[in-house]
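Novice: What follows is a structure written as structure tokens; I'll ask about it next.
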Amino acid sequence: MVVGAVAALGSVAAGSAAAGSVVVVGAAVVSVAAGSAVAVGSVAAGSVAVVETGCCSPSAGGFPPAAGPPGGVGTQGPDTGPARVVLAAADPAQPYGAALPWPATVGETAHRPGRKAGALVVLVDGAAVLYVERGGRSLLSFTEERGELQAAAEALAGAVHEGWLGTLAVERADGVGSLGSALADVLTEAGFRVTPKGLRLRA
């Protein structure tokens, strides 16, 4: 495909999408930024996939990270950081709770992830890192690795800033108050503001 081309295809193999191309697969749309590739076969009809590199990040005025109903996929090139994906928990493109079991959560909490309407999952390099419960008031994390948590928090913040999600007001994280949680630092670094009830981010 040439740069800027639009095509209706049954599938696109990784590496075949040209920079700037937009691929329409049924109801799925894939925007490809410079240096990136995507296997569209894994993207469900109705979802939106945005492939971005550092040169085309939201801060550079490029493609936004895809998220929100019915789901989205956003990824970065191998030389600019980990691939980051924000998906609706029930999206067919989201494998956890279906093809893959949910990983163990951090901390002690009775809350458990699930393929529930209104919930979100943030994947980093294909691994589940954050789970946003319906309403956005509670987060669960699946790792304590700071780099992965930062990448996931940035992807979540990007989805809010680009209008895919509304205001997030996180009151609890991993079973404790968000202000005293291990996620407080990475969320504030991603742009969340401290409020009396927790951490808030507005578009």
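Novice: Work through the residues other than PRO113 whose Cβ is under 13 Å from its Cβ and net out their charges, Lys, Arg +1 and Asp, Glu -1.
Specialist: Residues near PRO113 contribute +2 overall.
Novice: Let me ask another. Rounded to the nearest 0.05, what FRET efficiency do HIS111 and GLU144 give with R0 = 30 Å and r taken as the Cβ-Cβ distance? Could you check?
Specialist: 0.95
Novice: Want the number for ALA104 to VAL176: 0.36 nm per residue separation, take away the alpha-carbon distance, what's left?
Specialist: Values: separation 72, 0.36 × 72 = 25.92 nm, distance 1.67 nm.
Result for the pair: 24.3 nm of gain on full extension.
Since every read-out is calculated from the coordinates, none of them should be taken as a lab result. Quick caveat, the model's predicted, so the values are computed rather than measured. Every residue, glycine among them, receives a Cβ derived from its backbone with ideal geometry; neighbour counts consider all protein chains shown.
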